[in-house]
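The values are calculated or read from the model by the stated rules, or taken from the named source; none is laboratory data. All figures in this text were calculated on a predicted structure; none of them were measured in a lab. Cβ coordinates were reconstructed from backbone atoms using ideal geometry, including for glycine residues, and neighbour counts include every protein chain displayed. Accessible surface is based on the protein model in full, side chains and every heavy atom, while ligands, DNA and RNA are left aside. Shrake-Rupley method; radii C 1.70, N 1.55, O 1.52, S 1.80 Å.
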Amino acid sequence: MVSRVIPVKPFDLVIFGGTGDLARRKILPGLFRRFIAGQMPSDARIIGAARSDIDAQGFRDMVRQAVSEFGGTLGDKALAEYDELDSFLAQLDYVTIDAMGEQGWSELRSKVRKELVNAFYFSVAPSLFGDIAERLKKHGLADEDSRIVVEKPFGRDLSSAQELNETLASFFKEKQIYRIDHYLGKETVQNLMALRFGNIMFEPLWNANYVDHIQITVAETVGVSGRGAYYDKSGAMRDMVQNHLMQLLCLIAMEPPSQFSSDSVRDEKLKVIRALQPVAPHEIVRGQYDATETTLSYREDAENPRTFTESFIMMKTHIANFRWAGVPFYLRTGKRMSNRASEIAVVFKALPHSIFDSNDHGRNVLSIQLQPDEGITMDMTIKEPGPGGMRLVNVPLDMSFADALGPDADDVPDAYERLIMDVIRGNQTLFMRGDEVEAAWAWTDPIIEDWKARNDVPKPYDSGSMGPLDSQALMQRDGRAWRELKK
Ligand code: BG6
């Protein structure tokens with residue numbers, strides 16, 4: 001099956017922070033992939049805007065380098081080896097700009113073609129959002145149809161997020177603001193919605209009557225070396241739970257929206273966040289990774305020997321509504337864990353009665369793997385083949401559809417590629433609305449404040465493990481266990 005690529009309208013995309021890490025690692029290689037796919041039209045233009053004093057050619061050279069360093073492969077060859085690279089680079093331009101001053105703004109104004117779709121990507125520190133937004137307006141660069149894209153972290157608590165929202169709102173309408181959470185751009189995350197709302201068989205079972213509990217894990221093997229200073233001010237709660245895990249939880253738990261439109265979907269997600277229960281301290285486990293012979297400990301990576309910031313967190317939470325009353329949602333995420341794997345598992349209840357002698361009934365578990373390999377499996381109980389009576393066995397029914405969808409299934413667009421194309425198309429469904437972000441902080445803040453008030457010390461855990469043993473113990477107390485993650 002060949003996937004259909006619908007080109008977007010011609011656009012001018014300005015990337016503030018165009019020479020920065022995110023632009024080089026994700027945004028620019030991603031745009032090149034969309035160019036190869038035929039989705040980025042040949043009259044679209046990408047304008048890098050940053051402090052670096054380089055010209056357009058210098059920017060193109062930097063992007064060529066970024067594509068070869070971070071572009072990975074497409075099909076069976078390196079992205080940088082595609083012949084289209086020169087034509088793509090020809091569509092790039094650059095302006096040296098001072099986000100807080102006047103330099104570069106008139107030049108940028110002369111380059112942006114107002115008759116096209118205009119998008120401005122703020123790939124810069126949030127402290128610059130207000131300055132850039134103000135200058136976009138002042139210099140006549142932005143109008144009613146322009147879009148701005150902002151990255152996380154969107155604030156570090158409720159009041160800073162409110163302040164950011166207010167600043168942006170004084171220059172742009174909500175329908176122009178695209179707050180990125182790149183987890184929403186992941187293929188399987190969207191497949192989750194297709195699975196839930198495109199099939200009749202899951203929805204009747206998707207509630208407290210049939211679901212025992214839900215597990216959400218985002219495990220990473222990397223530590224925080226190189227970004228310890230940033231990370232130490234956030235910790236796993238702010239860096240991952242408040243945004244990425246929260247979004248996964250919303251998509252699992254939300255009511256079916258009446259239509260697949262941005263506000264219907266976001267209204268339902270917001271209701272989930274607002275129904276989240278406060279989490280008691282004994283239902284949270286925080287951890288910090290230890291050193292190994294070859295890697296440093298969290299405290300060393302953070303260059304802060306007395307830090308109480310967590311590199312691992314596990315928690316149990318509940319959603320107080322008709323659908324989910326009494327169903328625990330277990331969340332965990334951490335750095336330097338045994339393997340890189342992200343999974344959502346919907347664990348169904350045990351059978352009410354068994355007609356077989358065998359006790360081998362497993363639970364039905366729907367597991368949605370986000371990475372490294374995207375896929376969906378359903379653990380089912382079947383008869384073990386062959387003679388010997390009715391022996392039962394649990395097998396995963398593979399629903400990843402790679403065979404049905406053919407080789408294209410391997411080359412799915414990266415989250416950033418998809419999200420940037422959605423910005424150009426003007427589709428906000430996979431972006432966070434201001435009230436959603438604020439509601440997420442309103443739930444997170446008291447938990448973090450409580451740690452501070454009690455000087456809560458994270459538990460050490462072995463690098464290469466699945467976090468502190470207390471995280472298994474918390475599950476065991478409930479008569480449950482974390483699932484083994486796929487290696
Ligand atoms: C980022 C976090 O938002 O997401 C990082 O700041 C984390 O700490 C990353 O490593 C994980 O993203 P992914 O797509 O690699 O799972």
Checklist outcome for this item: So, over other residues within a Cβ distance under 9 Å of TYR178, counting Lys, Arg +1 and Asp, Glu -1, the net charge is +1
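Give LYS186/LYS269; LYS26/LYS152; LYS26/LYS487; LYS9/LYS114 a once-over and call out the pairs whose C-alpha atoms are over 19 Å from each other. Show your work: numbers first, answer last.
Values: LYS186/LYS269 17 Å; LYS26/LYS152 14 Å; LYS26/LYS487 25 Å; LYS9/LYS114 13 Å.
With Cα atoms farther than 19 Å apart: LYS26/LYS487.
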Next on the checklist: If packing is taken as the average number of other Cβ atoms within 10 Å across a peptide's residues, how do 17-30, 118-131 rank, most packed first?
Outcome noted: 17-30, 118-131
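Under the √(5λ) rule applied to the eigenvalues of the Cα gyration tensor, what semi-axes describe the equivalent ellipsoid of segment 5-142? Give them in Å, descending. Each step should come with its number before you reach the end.
Numbers: eigenvalues 132, 54, 31 Å².
Equivalent ellipsoid of segment 5-142: 26, 16, 12 Å, largest first.
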Item to check | Segment SER68-SER52, extension gain: residue separation times 0.36 nm, minus the distance between their alpha carbons | outcome: 3.7 nm
Checklist outcome for this item: So, with points 7 Å from each Cα along the Cβ direction, the SER42-ALA229 label distance in nm works out to 4.6 nm
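So what's the net charge close to GLN103: Lys and Arg +1, Asp and Glu -1, counting the other residues with Cβ under 11 Å from its Cβ?
Values: positive: ARG51, ARG135; negative: ASP53, ASP98, GLU102, GLU107.
Local charge sum for GLN103: -2.
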Next on the checklist: Pairs of alpha-carbon atoms within less than 8 angstrom and 6+ residues apart define the contacts here; what relative contact order does segment 144-245 have, in percent?
Outcome noted: 29 percent
Next on the checklist: For the full complex of protein chains and a 1.4 angstrom probe, list ILE36, ILE46, ILE355 by accessible area with the highest value first.
Outcome noted: ILE355, ILE36, ILE46
Checklist entry - If you project the alpha carbons of segment 111-172 onto their three principal axes, what span does each projection cover, largest first, in Å? => result 38, 19, 16
Checklist outcome for this item: Between GLU187 and THR167, the two model label points (7 Å from Cα along the beta-carbon direction) sit apart by a distance in nm of 3.7 nm
Checklist entry - What FRET efficiency, computed as 1/(1 + (r/R0)^6) with R0 = 41 Å and r the Cβ-Cβ distance, is obtained for LYS349 and SER264, rounded to the nearest 0.05? => result 0.85
Next on the checklist: With every protein chain kept in place and ligands, DNA and RNA left out, what is the accessible area per residue of segment 37-195? Probe 1.4 Å, answer in Å².
Outcome noted: 43 Å²
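Give, as a single signed number, the net charge of other residues whose beta carbon lies under 10 Å from the beta carbon of LYS152, with Lys and Arg counted +1 and Asp and Glu -1.
-1
Using a 1.4 Å probe over the heavy atoms of the protein chains, calculate the carbon and sulfur portion of the accessible area of the chain as a whole percent. Don't skip to the answer; put the middle values down first.
Details: 11220 of 21790 Å².
The value for the chain is 51 percent carbon and sulfur by accessible area.
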Item to check | Relative contact order of segment 336-487, pairs being alpha-carbon contacts under 8 Å that are 6 or more residues apart, as % | outcome: 21 percent
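List every DSSP H helix in the chain whose Cα atoms extend 24 Å or more along the helix's own long axis and whose mean Kyte-Doolittle hydropathy is at least -1.0. Mind dumping the intermediate values first?
Details: long enough: 434-454 (30 Å, -0.69).
Those that pass (Cα extent of 24 Å or more, hydropathy at least -1.0) are 434-454.
Using only the alpha carbons of the chain, what is the convex hull's orientation-averaged projected area in square nanometres?
Result: a mean projected hull area of 25.5 nm².
Order the peptides 477-486, 314-323 from the highest to the lowest mean number of other Cβ atoms within 10 Å of their residues.
Working: 477-486: 13.2, 314-323: 18.7.
Those peptides, ordered most packed to least, come out 314-323, 477-486.
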Checklist entry - To the nearest 10 Å², what's THR429's accessible area with a 1.4 Å probe? => result 10 Å²
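Given a Förster radius of 41 Å and the C-beta distance between LYS271 and ILE6 as r, what FRET efficiency does 1/(1 + (r/R0)^6) yield to the nearest 0.05? Could the numbers behind the result be given before it?
Values: r = 32 Å, r/R0 = 0.78.
FRET efficiency, LYS271 to ILE6: 0.80.
Write down the percent of antiparallel bridges among all DSSP beta bridges whose residues are both part of segment 46-172, to the nearest 5. Provide the component values of the computation, followed by the final result.
On the way: 2 of 11 bridges.
Taking every DSSP beta bridge within segment 46-172, about 20 percent pair in antiparallel fashion.
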Item to check | aspartates and glutamates whose Cα lies under 18 Å from that of LYS233, excluding same-chain neighbours fewer than 8 positions away | outcome: GLU151, ASP157, GLU300, ASP301, GLU303, GLU310, ASP445, GLU449, ASP450, ASP456
Item to check | Residues of type aspartates and glutamates that LYS175 reaches as a straight line, Cα spacing below 12 Å, ignoring anything fewer than 8 places off in the same chain | outcome: GLU144, ASP145, ASP263
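Leaving out ligands and nucleic acids, and using a 1.4 Å probe, what accessible area per residue does segment 276-319 come to in Å²?
Spelled out: the 1.4 Å probe surface of segment 276-319, per residue, equals 47 Å².
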Checklist outcome for this item: Between the modelled labels at ALA453 and LEU469 (7 Å from Cα along Cα→Cβ) the distance in nm is 3.1 nm
Checklist entry - For the chain, what's the relative contact order in percent, using C-alpha pairs closer than 8 Å and at least 6 residues apart? => result 18 percent
